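Asker: I'd like to ask some things about the structure below.
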Amino acid sequence: MSSPTPSVFRRCLSYLWEQEIQTTSSVFNPYLEVTMSRGRFRLNTENATYSFEDLYDNYYKSFKKYDLQNRSLQKVLVLGLGLGSVPLMLLNHFQQNQAHFIGIDIDEVVIDLCRQYIPQNLSKRLTTFCEDAYHYVQIDDIQYDLIAVDVFLDDLTPMKFRSEVFLQNLKRLMHSKSLLFYNTMTISTHSYQQSHRFFEDRFLPIFPNAEILKMQSNRMLIVEGKK
């Protein structure tokens, strides 16, 4: 499905004021809003942004730091799809023209929105599954060049995605040169402390070479190469 195209006037206005494009809801997300801001489609919940094209800074800055434009990615797994910011960035800004993207999201409404708003050049390279990412990684047997974990319900990450079982399954899907990007929210003192404890107590024991990249209200936990 081709992307809905706002008028040139509305696109220009979006650089001054965020333009509401569509609102909806789902079983998992009582409020979902698609807007256009600074010329990009943005997907918001009540308390969080799920997707913002190349202005989804947590991933864009991480990808720049790890020089992804000079890497060759063939298989990419995205857990928590939004409007496809991660594959869109990799395809259009990091020259990953040979990559095929697998997008997993538990919310069928989010997947439908993604299909509506992504451009045609990405839709040909993106396969989506409406699945619980926790269960998907248990049954998957593909090793990926890059895995992005962006799993939130509104502004919270369900605790099962911070379990040893989930992390071990991620590790199983990596090879010696894989990259793992795991997004954690640190917007409040409590969420920062949760992210810190998760990294120290669960993440590092499984991924001893992991690094942290601090953002304004998030921390990206990054692993380069399975060890």
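Every read-out reported here was derived from the displayed coordinates using simple, explicitly stated rules and does not represent laboratory data. Note that the structure is predicted; figures quoted are calculated from it, not measured. Here Cβ is always computed from backbone atoms with ideal geometry, including for glycine, and neighbour counts include all displayed protein chains.
Asker: Between helix 189-198 and the chain, what is the angle of the helix's C-alpha long axis to the longest principal axis, kept within 0 to 90° and rounded to the nearest 10?
Answerer: Compared with the principal axis, the helix lies near 40 degrees.
Asker: Counting other C-beta atoms within 10 Å, which of Lys61, Lys75 has the fewest, and how do the rest follow?
Answerer: Sorted ascending by nearby Cβ count, the order is Lys61, Lys75.
Asker: So, one more: Report the gain in length on full extension from Arg38 to Phe9: 0.36 nm times residue separation, minus Cα-Cα distance, nm rounded to one decimal.
Answerer: On the way: separation 29, 0.36 × 29 = 10.44 nm, distance 1.24 nm.
Extra length from Arg38 to Phe9 when fully extended: 9.2 nm.
Asker: Nothing charged except the Cβ atoms of Lys and Arg (+1) and of Asp and Glu (-1): what's the magnitude of the dipole of the chain about its Cα centre? Round to the nearest 20 debye.
Answerer: Magnitude of the dipole: close to 800 debye.
Asker: Continuing with the same structure: What does the net charge come to around Asn92 if you take all other residues with beta carbon closer than 9 Å to its beta carbon, with K and R at +1 and D and E at -1?
Answerer: Residues near Asn92 contribute -2 overall.
Asker: Same structure, new question: Residue by residue through the range 143-153, which ³J(HN,Hα) values in whole Hz follow from phi under the Karplus form 6.51 cos²θ - 1.76 cosθ + 1.60 (θ = phi - 60°), with glycine and proline marked x?
Answerer: So the Karplus estimates, Gly and Pro as x, are 9, 9, 6, 8, 10, 10, 10, 9, 9, 9, 10 Hz.
Asker: Something else now. Using a simple spin-label model with points 7 Å from Cα along the Cα→Cβ vector, what separation in nm is obtained for Phe129 and Arg197?
Answerer: 3.2 nm
Asker: For the range 53-224, give the share of DSSP beta bridges that are antiparallel, in percent and rounded to the nearest 5; count only bridges with both residues there.
Answerer: 40 percent
Asker: Please list, or write none, the lysines whose alpha carbon is within less than 17 Å of the alpha carbon of Lys65, excluding same-chain residues fewer than 8 places away.
Answerer: Candidates past the 8-residue exclusion: Lys177, Lys214.
Asker: Using Cβ contacts closer than 10 Å as the measure, can you line up Ile102, Ile147, Ile187, Ile139 from fewest to most?
Answerer: Ile139, Ile187, Ile102, Ile147
Asker: Can I ask one more? Dipole of the range 131-220, Cα-centred, from +1 at each Lys and Arg C-beta and -1 at each Asp and Glu C-beta, to the nearest 20 debye?
Answerer: Using Cβ point charges on Lys, Arg, Asp and Glu, the range 131-220 gives about 320 debye.
Asker: A further question on this structure: Label points 7 Å out from Cα along the Cβ direction at Gln138 and Asn47: separation in nm?
Answerer: With each label point 7 Å from Cα toward Cβ, the separation is 2.7 nm.
Asker: What is the sum of charges around Lys226, taking Lys and Arg as +1, Asp and Glu as -1, for the other residues whose C-beta is under 13 Å from the C-beta of Lys226?
Answerer: Neighbour charge sum, excluding Lys226 itself: +2.
Asker: Work out, step by step, the length gained on full extension between Glu211 and Glu18: first 0.36 nm times the residue separation, then minus their alpha carbon distance; give nm to one decimal.
Answerer: 66.0 nm
Asker: Which aspartates and glutamates have a Cα less than 18 Å from the Cα of Lys160, not counting those fewer than 8 places away in the same chain?
Answerer: Those aspartates and glutamates meeting the cut-off are Asp105, Asp107, Glu131, Asp132, Asp140, Asp150, Glu200, Asp201.
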